[in-house]
Structure formats: structure tokens, C-alpha cells
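The values are calculated or read from the model by the stated rules, or taken from the named source; none is laboratory data. This is a predicted model, so every value here is computed, not measured. As a convention, Cβ positions derive from the backbone with ideal geometry for all residues, glycine included, and neighbour counts pool all protein chains shown. Each accessible area value is taken on the protein alone, full model and side chains, heavy atoms only, with ligands, DNA and RNA left out. Shrake-Rupley method; radii C 1.70, N 1.55, O 1.52, S 1.80 Å.
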Amino acid sequence: MIKKNILSFLLLLSVFCLFNSCEDDPYYDDYGWATDALCNNTWVDFYTNYDGYECEQRLDFYDDHTGEDFTIIYYPNGMTDELKTSFYWDWEDNFFDSFYVEYANGTDYYEDVRISDRYLKCLLNGDRVTFEPFYW
């Protein structure tokens with residue numbers, strides 16, 4: 001009788017574990033929602049660089065984890081410098097709230113990432129920034 005109760009208990013425990021393991025993980029990017037949100041726009045930010053010049057930065061993220069950074073520096077005399085740089089990017093973990101961007105000369109870290117159709121808010125290397133969708 002005790003063997004039957006123990007076997008029944010183990011069977012019941014196994015069934016519960018089986019059902020629990022099939023639960024969807026809410027942070028798993030099963031449908032690519034986080035990647036789609038990031039890759040569906042060209043993101044733009046306007047800022048003043050360390051030399052005091054106004055800058056415009058446009059970021060394009062692609063599904064294959066590559067991307068392009070297009071930065072324009074506006075000088076007071078009306079001249080501009082346009083820099084186009086390719087990069088590799090990837091999510092830091094399965095929570096999809098941080099990612100990194102690897103350039104040939106270094107890495108940028110985007111943390112506390114919040115993405116909607118109207119903004120990409122984050123800490124970029126420790127500075128709070130907000131990118132907006134760029135419309136041609």
C-alpha cells in the first residue's frame with residue numbers, strides 16, 4: 001500500500017512538473033517582438049558633442065544583427081561631416097532591456113531600453129537618451 005502511494009505521488013509530481021515546464025516564458029523573444037520593435041524604424045537623436053558641435057545620429061538595426069550608424073556633425077560655418085559606420089548588435093540577455101553595439105573602434109551599451117512606435121529610450125553608455133523614428 002505504501003509503495004502504491006509513493007508511486008502515485010511521484011507520478012502526480014512528474015505530471016505537475018511536465019505541465020509547469022511547458023509554460024511560456026514571457027521574456028523569451030519567441031515571436032521576435034523586441035527585435036521587430038528595434039528594427040522597424042530608423043532611429044534619430046540630436047545632441048551636442050564634446051566639442052560643442054550640433055550632431056544628428058541615425059541608427060538602423062537589421063534582423064541579422066548588423067546595422068548602420070549615420071552621424072552628421074554640423075559646424076558653425078555651415079560645413080558638415082557625414083560619417084557612416086557599420087556595426088554588429090545583439091541583446092545582452094533574454095529580458096530584451098539591454099543590448100550592445102560593436103563598432104570597429106569600440107562598443108556602446110544600451111541599457112534600460114524601452115521601445116515603442118514613438119521612441120527608443122535608454123541609457124547609452126550611462127547617459128539618458130531618447131531616439132525618435134526618423135521619417136524621410
Summing +1 for each Lys or Arg and -1 for each Asp or Glu, what net charge is found among the other residues whose Cβ lies under 9 Å from the Cβ of Glu102? -2
For the pair Asp69/Arg114, report the inter-label distance in nm, with labels modelled 7 Å from Cα in the Cβ direction. 2.4 nm
Inter-probe distance in nm under a simple model that places probes 7 Å from Cα toward Cβ, at Leu83 and Tyr50: 1.0 nm
Reported to the nearest 10 Å², Lys84 has, with a 1.4 Å probe, an accessible area equal to 140 Å²
Using +1 on the beta carbon of Lys and Arg, -1 on that of Asp and Glu, and nothing else charged, what's the dipole of segment 33-136 about the Cα centre, debye to 20? 300 debye
Test of understanding: what is the full-extension gain from Arg58 to Asn40, defined as 0.36 nm times their sequence separation minus their Cα-Cα distance? 5.1 nm
Apply 1/(1 + (r/R0)^6) to the Cβ-Cβ distance of Ser98 and Trp136, taking R0 = 25 Å, and write down the FRET efficiency to the nearest 0.05. 0.30
In percent, how large is the relative contact order of segment 73-136, given Cα pairs closer than 8 Å and 6 or more residues apart? 17 percent
Quick one: which residues, 5 or more positions from Ser98 or on another chain, have an amide H under 5 Å from its amide H? H modelled 1.01 Å from N in the peptide plane, none for Pro or chain starts. Glu92, Asp93, Val113
